[in-house]
Each structure stands twice: as C-alpha cells, then as structure tokens.
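Quick notes on the structure that follows.
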Amino acid sequence: MSAGLPQADNYLEILRQQIPLLDLRAPSEFSRGAFTNSVNLPLMSDSERAAVGTCYKLQGQQAAIALGHQLVQGDVKAARVNAWHNFALANPQGMLYCARGGLRSQIAQQWLAESGVDYPRVTGGFKALRQAAITAIEQASSRPVLMLAGPTGSGKTRLLRTLNAVDLEALANHRGSAFGRKLAAQPSQIRFENDLASALLQVQAAHPPYLLLEDESLLIGQRSIPQKLFQTMQHSPLILLDEPLSSRIEVIVQDYIVDLLQEAMDADVANGFNVFSTMLQQAMARIRKRLGGLLYSKLAELLLQALAEQRRCGDISLHRSWIALLLTDYYDPMYHYQLQKRDARVLMRGSASELLQWWQQLAR
C-alpha cells in the first residue's frame, strides 16, 4: 500500500528537534496524550473509528477496511487529504503517524503521495515515540542532577530561563503552588512526559555538567514528575537562590497580579477581572486549613481590600500587604523547616547574579 514511501525511526531526534508531527489518530486518542509539536488531523472521527472497530471484531479485518473506505470517501476524503496536504506544505520537514504505524498512517501516506506529496511515516507510530520518550526520561534520571531551590518569589523560574535548564513548571503549565493555576488547562500526563523528554534531550545535547531543575514536589498541579526522575531529584545536591523579601514581593506582584490579570483580560475582556479575582480567592481558600483560622481571615480580608482597590482605580499597591504576610507567616517558615532537613545537600547559595556566575564557571 505504502511500499517505497519514506519512513523514519530516529525517535530521539524527532523528540529532541520537536519535528512537526501530523497525528492521524482519532480525537479521543489525541486528547489522552500527544506532543506540543503535533497537530491532530485524523483519518477517522471517533464515531467512525468506533464503527470500524466493531466491524473488525464481528467480521474481521477486510470487512473493517472496506467499511473505513466507505466512511471516508468522496468529499470527506478530499477534505481530509487537503488538510494533510496543507500541513505537509507548511511543514516540509515534518512527519505523520498513527497509533502504531499501521494501516491508518499507511493509508494516509498513500493518499498524500497520490496528491503529490511524499511525507515520511514514523515507524511504529505514537507507541514507538512514546516508548522513546519514556526511555529518554529514564536515561536522564541516571545523569547528575542539580536542584535550584529558594523561598517563594525568589525568582527561581526566571533564573532557570537564563540557563541551560529544564523548566518543569512551564511544561506542566502550572507554577507549582496553591496559587500556581493558570487559565489554560494543564496538559495530559502523557503529553507532559513527552514534552519533558524533548526538553531533557535538548538540554543534554549541550553536555552540561549537571541536569539543572527547579526543586519541585512530586505533583506540579495535577501533573506528576516521573517516578525515577523524582527519586533522583530527592537525593541531588541543591543550590539556593536568596533574594530579599522586598524583591520577592515584587516578583509575586508581577507573576500573580499583573501577569495573571493580563492573561484573564486577554481571554475575556468583559469578565477578565472577575475571573482573576475568583482565581486568587480560590487559591487562598485551598490553603485555608494549613493557614489556620486567624491567619486565613486576615489574609482573606487584605486580599478583598486589595481587589476592591484595584477594581476601583487600578491601583495594585495593596496587594503587597497580603503577599508580604503570606510569605513571612506561611511560606517562609515552611521553606526553612524543609531546608533544615536537606542542609547537607547544599552546594552553593547566593543571589541570582552570584548563582549565574557560579553556574557559568561550572559549565566551562
């Protein structure tokens, strides 16, 4: 059917380069997990795939193939081939795949060839790429890892982005705290792991002395760091980012007030402030039990006052009051308690500029 047409099995390079991928699986398969660099242009819809699957069970492969061709013909077929053709022209270095590199990708590849485009098919499909991603994470977990730690608001993520490091929070689309939710949903666990594998491969291509990661708990929002990598992280040396309280407050104001409101307004101009306000209040409520009644009541009151003033005249200065109290009375004591248990693992501590200089010397 697609004999003689190009295939690709350089899975790690596909992942590392994040080569554009045309995903032919049904939408429900795609939603369970894919890649940031993949676009779902299915050969069959979910209902069509279900019908073909039932036919296969009852009447066998040939009958199922015949039904598939019956369901995807004429204008339906033309529209789908046209979408693939456009993707291939826009992404000439790309590839296509289905679940296991079987009939769906072979048929689509043949139809594309008949339209004038020879487009590579990933041998083994998504399953092969997925296994390569798992292997890449396991291999990275065996490398020397260095953890960047620091109190809330110290700017760890900002520092990571200036270095050859993996930003776990960006991959999980979550800032890793009770206030860390973003408007856009988190990726599926499978997609998080697949994109993590790509990021690990990209970082390791430069052969750094350590794999540099932010100090995270097992869960980043609802996404879980792969077990083997997390076990390595738990025993790895630490570098500590120390910044004054005033600087940390400003980082949090920027990330959780200015940027979050802008994100909400970009998504819904009419209702953006209400969404922003609700997100902050819900985040505070999520840690209510850990704060205790008195501290929670004080923080909730300060937050409401700050939101009211911001809504009234756009002034965000009152937010600094509840942020400062939340840091000094909740996050900082928890951070120092946890740090005491890991003090022997600390290699270096300093400001962002000091840690940057230290890392650059280490990486020479």
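The values are calculated or read from the model by the stated rules, or taken from the named source; none is laboratory data. Keep in mind the model is a prediction, meaning the values are calculated, not measured. Glycine gets a Cβ as well: all are built from the backbone with ideal geometry, and neighbour counts include every protein chain shown.
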Practice problem: Give the residue that is surrounded by the most Cβ atoms within 10 Å (Cβ to Cβ), with candidates limited to residues of the range 301-353 that are part of a helix (DSSP H, G or I) and small (Gly, Ala, Ser). | Solution: Ala306
Quiz item: Any residue at all in the range 211-218 that is within 28 Å of Asp329 (Cβ to Cβ), polar (S, T, N, Q) and part of a loop (DSSP other than H, G, I, E, B)?
Solution: yes
Quiz item: Does Ile220 satisfy the condition of being more than 26 Å from Leu291 (Cβ to Cβ), among the β-branched types (Val, Ile, Thr), assigned by TED's automatic domain parsing to the domain that holds Asp332 and touching a residue at least 40 places away in the same chain (Cβ under 8 Å)?
Solution: no
Quiz item: Among Ala79, Ala63, which is the only one that is in contact with a Cys (Cβ under 6 Å, 6 or more places away or on another chain) and free of Cβ contacts under 8 Å to residues at least 12 places away in the same chain?
Solution: Ala63
Exercise. Please enumerate the residues belonging to the range 150-186 that are within 17 Å of Val253 (Cα to Cα) and of a type in the set (Ser, Thr, Tyr).
Key: Thr152, Ser154, Thr157, Ser177
Quiz item: Just one of Ile14, Ile65, Ile107 is within 25 Å of Gln189 (Cα to Cα) and β-branched (Val, Ile, Thr); which is it?
Solution: Ile14
Quiz prompt | Total residues in the range 1-60, condition in a loop (DSSP other than H, G, I, E, B) and of a type in the set (A, V, I, L, M) | solution = 10
Self-check item: Condition met for Leu148 (hydrophobic (A, V, I, L, M, F, W, C) and over 30 Å from Cys98 (Cβ atoms))
Solution: yes
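On the basis of being under 23 Å from Ala324 (Cβ atoms), assigned to a helix (DSSP H, G or I) and in the same structural domain as Glu309 (by TED's automatic domain parsing), does Glu250 make the cut?
Yes, satisfied.
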Quiz item: Do we have any residue at all in the range 82-102 that's over 29 Å from the mean Cα position of the chain (by Cα), surrounded by 13 or more Cβ atoms within 10 Å (Cβ to Cβ) and within 25 Å of Gly124 (Cβ to Cβ)?
Solution: no
Quiz item: What number goes with the only condition from (1) in contact (Cβ under 8 Å) with a residue 60 or more places away in the chain; (2) under 14 Å from Leu212 (Cα atoms); (3) of a type outside the set (A, V, I, L, M, F, W, C) that Thr152 does not pass?
Solution: (2)
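One line per residue, one yes/no per condition, for (1) among the aliphatic types (A, V, I, L, M); (2) at pLDDT below 95; (3) out of contact with any strand residue (DSSP E or B) (no Cβ under 9 Å at 6 or more places or on another chain):
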site	(1), (2), (3)
Gln18	no, no, yes
Leu21	yes, no, no
Arg25	no, no, no
Ser31	no, no, no
Ala50	yes, yes, yes
Cys55	no, yes, yes
Leu58	yes, yes, yes
Ala64	yes, yes, yes
Gln70	no, yes, yes
Quiz item: surrounded by fewer than 17 Cβ atoms within 10 Å (Cβ to Cβ) and in the same structural domain as Gly153 (by TED's automatic domain parsing), is that true of Gly272?
Solution: no
Exercise. Looking only at the range 164-172, decide whether some residue is buried (at least 18 other Cβ atoms within 10 Å of the Cβ), among the small types (Gly, Ala, Ser), assigned to a loop (DSSP other than H, G, I, E, B) and modelled with pLDDT under 95.
Key: yes
Quiz item: Applying the selection to the range 253-274, what residues are in a helix (DSSP H, G or I) and farther than 19 Å from Ser177 by Cβ?
Solution: Gln262, Met265, Asp266, Ala267, Gly272, Phe273, Asn274
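Every residue, every condition in (1) part of a helix (DSSP H, G or I); (2) touching a strand residue (DSSP E or B) at 6+ places or on another chain (Cβ under 7 Å); (3) within 22 Å of Asn10 (Cα to Cα), yes or no:
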site	(1), (2), (3)
Gln109	yes, yes, yes
Tyr119	no, yes, yes
Ala128	yes, yes, yes
Ala133	yes, no, yes
Ile137	yes, no, yes
Leu148	no, yes, no
Ser154	no, yes, no
